[in-house]
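All remarks here apply to the structure that follows.
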């Protein structure tokens with residue numbers, strides 16, 4: 001029995017290693033292709049930066065008329081904006097192309113990926129690896145750095161470490177949503193917009209404090225699709241603000257556990273979707 005479990009574990013580790021290697025090779029191929037046209041890459045990255053910055057410009061315009069939004073000052077809202085934008089940018093760069101799965105199912109090109117000696121998910125996630133998305137990442141990082149120097153926080157070691165932890169956990173949570181949405185497209189091939197409503201729509205939601213939303217909506221993104229663990233809960237702990245639902249302070253530290261559970265659920269959905277796939281029939 002022990003040997004059987006050891007063999008299964010070795011097999012999973014080997015599959016994971018093959019997936020990481022395949023992902024790296026495919027992503028590097030697209031990076032080299034992108035950097036072959038450096039001017040075009042620079043312009044597209046700048047455009048990505050500028051389009052992402054428009055959301056923050058809207059915040060600045062809003063705060064030119066008001067002093068606080070839901071009880072939060074501009075640096076605090078900017079902190080929420082920076083953390084969720086950076087998390088989404090990292091997830092979008094790493095696995096955002098998984099949302100194109102529905103198009104591959106419709107045109108039959110997914111069958112080609114199934115025939116290759118590499119994990120399908122690694123091929124889907126790394127396909128057309130868009131280095132230009134560094135524009136969104138750098139814009140979110142700049143806002144985050146600007147806000148951390150202006151929010152009123154007694155920066156201890158634990159609070160300093162919480163910032164990168166929440167960004168990483170947020171990226172993993174968004175990545176799990178990307179993956180689960182892609183898996184859903186095995187059954188609903190036109191579900192990319194539904195997935196976008198949870199990723200890009202969730203990002204737009206998390207840029208603002210939870211105090212401006214209805215309690216039912218806050219419950220939904222806390223207990224149903226737990227996007228609140230991307231930044232709301234840990235950020236409110238950092239800022240010394242109570243959570244609207246009255247959750248205890250220790251829930252701010254559940255980000256890693258929530259991220260792990262969402263990854264496990266997304267992996268299970270993906271595995272079931274691949275097994276249920278029956279080709280295009282053409």
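A short reminder: the numbers here are calculations on the coordinates, not readings from a lab. Bear in mind the structure is a predicted one, so any value in this text is a computation, not a measurement. Heads up, the Cβs are rebuilt from the backbone with ideal geometry, glycines too, and the neighbour counts pull from every protein chain shown.
Evaluate the distance, in nm, between pseudo-label points positioned 7 Å from the Cα of residue 51 and of residue 15 along their respective Cα→Cβ axes. Placing both labels 7 Å along Cα→Cβ, they lie 3.6 nm apart. Between the helical axis of 134-148 and the longest alpha-carbon principal axis of the chain there is an angle of about 30 degrees. The long axis of helix 192-206 is offset from the longest Cα principal axis of the chain by roughly 20 degrees.
Packing, as the average of other Cβ atoms within 10 Å across residues, places the peptides 125-135, 139-149 in the order 125-135, 139-149, highest first.
Between the Cα long axis of helix 255-276 and the first principal axis of the chain there is an angle of about 30°, rounded to the nearest 10. Placing pseudo-labels 7 Å out from each Cα toward the beta carbon at residue 154 and residue 211 gives an inter-label distance of 2.0 nm. Could you tell me the distance between the Cα centroids of the stretch 224-268 and the stretch 52-90, to the nearest Å? One Cα centre to the other: 20 Å. Kindly identify the stretch 151-282 as rounded, prolate or oblate by the Cα gyration tensor criterion: order the square roots of the eigenvalues as a ≥ b ≥ c, call it rounded if a/c is under 1.5, otherwise compare a/b with b/c, prolate if a/b is larger, else oblate. Taking the square roots of the gyration eigenvalues as a ≥ b ≥ c, the stretch 151-282 is prolate.
Considering helices alone, the calculated mean residue ellipticity of the chain at 222 nm is -23000 deg cm²/dmol, with DSSP H runs of length four and up weighted by -39500 (n - 2.57) and normalised per residue.
Rg over Rh for the stretch 52-135 works out to 1.22, both radii taken from alpha-carbon positions and Rh defined as the Kirkwood radius.
Please state the equivalent ellipsoid semi-axes for the stretch 23-67: what are the square roots of 5 times the Cα gyration tensor eigenvalues, largest first, in whole Å?
Values: eigenvalues 250, 31, 4 Å².
After scaling each eigenvalue by five and taking roots: 35, 12, 4 Å.
With all pairs of separate Cα atoms included, the chain yields a Kirkwood hydrodynamic radius of 20.2 Å.
What shape does the stretch 126-177 have by the C-alpha gyration tensor, where a ≥ b ≥ c are the square roots of the eigenvalues, rounded means a/c under 1.5, and otherwise prolate means a/b greater than b/c and oblate the rest? Judged from the Cα gyration tensor, the stretch 126-177 comes out oblate (a/c at least 1.5, b/c at or above a/b).
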